[in-house]
Amino acid sequence: MPTYKAPVRDMRFLMNEVLDFESHYKTFPEGEEATPDMVEAIIGEMAKLCENTLAPLYQSGDEEGCKFEDGVVTTPKGFKEAYDEFVAGGWQGLSHPVEFGGQGLPASLGLIKSEMMATANWSFTMYPGLSMGAMNTIQMHGSDQQLQDYLVPLTEGRWGGTMCLTEPQCGTDLGQVKTKAEPQKDGSYKISGTKIFISSGEHDLTENIVHIVLARLPDAPKGTRGISLFIVPKYLPGKIGEDNGVSCGSLEKKMGIKASATCVMNFDEATGFLIGPENKGLECMFTFMNTARIGTSIQGLAHAELSYQGALTYAKERKSMRALSGKKEPDAIADSLIHHGDVRRMLLKQKAIAEGGRAMIYFAAQYADKMISAAQADNDEEYQKWDDELGFLTPILKGFLTEKGLEVANDGMQVFGGHGYIKEHGMEQIVRDARISTLYEGTTGIQALDLLGRKVLLLTKGKCVRDFSKKLVDFGTKNLRDPKLRPFAWKLLKIAAEWNYLTTRIMLVAAKDRDIVSTASYDFLMYSGYAMMAYFWALQAGVAKDKLENGGNEPAEFYQAKLATAEFYFDRMLPSAKAHADAALKPTKSTMQLKPEHFSFDYE
């Protein structure tokens, strides 16, 4: 089983030398307490929790899984004790207001905390992670009484939370929601319906679970315009242990994340309370959806990192054949796997995705800080500005990083050869756990449609691509004359032009053929991911080059490794972007011409 080691050196490099978090935190009130010493302490203590407590439960939790009996869900051995340790450290409320029991630190520190937890043990991380969605929703839209009744115990970690959206007949298309909400004379509502795929819907980690539920009022408009949002606790405040009509019907039998309780939840005239305006449930729920999707994109990074750590250790230890260029370890029976070119290819892919993805997420986390700060200051204009900025980044982060994270998790399994297929080494578990990341919080196809159809074409007419690609152009023009950075600069200039050309071409075709929005969306998203990661690898290469010349916080070998990995990414991975661009511009006919009844002639 891979032994998790928090990559604190790479985290410090990004925060201190690439993205300058110290200066960033000085730009808004919530960042005042995030001094370098405080940040260092948070990273160090979270690394200890993840390495010593969470990581050892990763494989055992998968083997044991959650148990369901008579409506009661029991988490695997050690999870309750680990959760108690997590709560005792004040980690749940790290980035939530002090007045509700939190520490009031920036949201980015919460995301960085989540990265370490996610890599150490994704299944465990989902329990406090789902609570964050409930906390954010209540914080933004709850009444003063709801804040006191629910946000305080959620922030303290005594209670857990969920987001109850999906139903048997609908997933992404929430306009089909059937759960009912009947008004009562006392101002409450009776909630009735069934929700499926509810992560952390029932468990034994907290004394209460607060469900945020989408439901319809009587005579509500059809479709998404008629959905309202409700707080429906397992137990009403002050009545812990008394049935409120909320029950778990079953646990889903899943491919992976088996230590995470994925529940079918039944609401049988459960008492609930409206949160936000009537029929505005989706708007309220999506308030912090961009930050939620950043949280899911972390899973792509997390599985790339964990698989890389396992594969790297194995590749250095396992002896097999001799390197083609001659013996590398003459005193050994054979050379280590790491001396073989194809194994290096897979390891470098993993390293490039993990470290490139980390840079992308940390950059987006700074935007999230500014957006949440504006929300807390009731600055709607500033909030909307940063929400829009995040709105362009998040489908790329979520779609691209989870797809590539799954791909390189498979590469890590491949490094092990046949041993990768055996459970005891833990590599196949990473692949199984990674598979869900491309599905929930919107499949890759949904993210792609959101990016191309909504953000790029409908809302901004390509402006969001033009705005971000300026970063590539700025780096390119600034460093074109630098011998070391010229290869990166030149390729960034070319890809910035191609990215905008691709956007314009699709926009022109879409005016006559709307199907291209769907047929091109996946390739457009993947192209955008490659382009965006190229910028962040060039940025890291530029800093590494400067530190090698002028001195930095890390040893020279660290910066040399950054330059080498950037070169690999640009030489061996970025060319895939061109294939996606070519595919995106192909006529829709080849995809749409085959009649549904002709997909097969052997069965209906």
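Does segment 47-57 contain any residue that is at pLDDT 95 or above, crowded, with 17+ Cβ neighbours inside 10 Å, of a type in the set (Ser, Thr, Tyr) and closer than 28 Å to ALA315 by Cα? Let's see the steps before the verdict.
Looking only at segment 47-57, we keep the residues that are at pLDDT 95 or above, and these are 47-57.
Narrowing further to those that are crowded, with 17+ Cβ neighbours inside 10 Å: 47, 49-50, 53-57.
Subsequent filtering for residues that are of a type in the set (Ser, Thr, Tyr) retains 53.
From what is left, the residues that are closer than 28 Å to ALA315 by Cα are 53.
Within segment 47-57, one or more residues are at pLDDT 95 or above, crowded, with 17+ Cβ neighbours inside 10 Å, of a type in the set (Ser, Thr, Tyr) and closer than 28 Å to ALA315 by Cα.
Taking segment 126-152, which residues are closer than 13 Å to PRO237 by Cβ, open to solvent by less than 10 Å² (accessible area, probe 1.4 Å) and touching a residue at least 60 places away in the same chain (Cβ under 8 Å)? The answer is ILE138, TYR150. Restrict the check to segment 577-588 and report whether at least one residue is surrounded by fewer than 19 Cβ atoms within 10 Å (Cβ to Cβ), within 22 Å of LEU348 (Cβ to Cβ) and among the hydrophobic types (A, V, I, L, M, F, W, C). Yes; the residues of segment 577-588 include at least one that is surrounded by fewer than 19 Cβ atoms within 10 Å (Cβ to Cβ), within 22 Å of LEU348 (Cβ to Cβ) and among the hydrophobic types (A, V, I, L, M, F, W, C).
The set of residues in segment 263-316 being more than 22 Å from ALA434 (Cβ to Cβ), assigned to a helix (DSSP H, G or I) and in contact with a strand residue (DSSP E or B) (Cβ under 7 Å, 6 or more places away or on another chain) consists of GLY281, CYS284, MET285, LYS316. Take LEU508 and tell me if it is at pLDDT 95 or above, open to solvent by 80 Å² or more (accessible area, probe 1.4 Å) and aliphatic (A, V, I, L, M). It is true that LEU508 is at pLDDT 95 or above, open to solvent by 80 Å² or more (accessible area, probe 1.4 Å) and aliphatic (A, V, I, L, M).
The condition (being modelled with pLDDT of 95 or more, over 30 Å from GLN148 (Cβ atoms), in contact with a helix residue (DSSP H, G or I) (Cβ under 9 Å, 6 or more places away or on another chain) and crowded, with 21+ Cβ neighbours inside 10 Å) is satisfied by just one residue among VAL39, VAL8: VAL39.
The residue list ASN279, ASN244 contains one member that is surrounded by fewer than 21 Cβ atoms within 10 Å (Cβ to Cβ) and touching a residue at least 60 places away in the same chain (Cβ under 8 Å), which is ASN279.
Could you name every one of the helices (runs of 4 or more DSSP H) located completely within segment 97-216 that has at least 1 residues being over 23 Å from the mean Cα position of the chain (by Cα) and modelled with pLDDT under 95?
Working: elements: 107-120, 122-141, 152-156.
Because the criterion is at least 1 residues that are over 23 Å from the mean Cα position of the chain (by Cα) and modelled with pLDDT under 95, the helices (runs of 4 or more DSSP H) in segment 97-216 that meet it are 122-141.
Among the conditions (1) open to solvent by 30 Å² or more (accessible area, probe 1.4 Å); (2) over 22 Å from GLN376 (Cα atoms), GLU30 misses just one, which is (2).
Could you tell me whether MET360 is more than 21 Å from PRO106 (Cβ to Cβ) and buried (at least 21 other Cβ atoms within 10 Å of the Cβ)? Answer is no for this residue. Under the condition of being open to solvent by 30 Å² or more (accessible area, probe 1.4 Å) and closer than 24 Å to LEU406 by Cβ, the residues counted in segment 317-339 number 2.
The combined condition, being of a type outside the set (D, E, K, R) and over 22 Å from PHE197 (Cβ atoms), is not fulfilled by SER260.
The values are calculated or read from the model by the stated rules, or taken from the named source; none is laboratory data. All figures in this text were calculated on a predicted structure; none of them were measured in a lab. Note that we place each Cβ from the backbone using ideal geometry, even for glycine, and neighbour counts take in every protein chain shown. The protein model used for the area step is the full one, side chains on, heavy atoms only, and it has no ligands, DNA or RNA in it. Shrake-Rupley method; radii C 1.70, N 1.55, O 1.52, S 1.80 Å.
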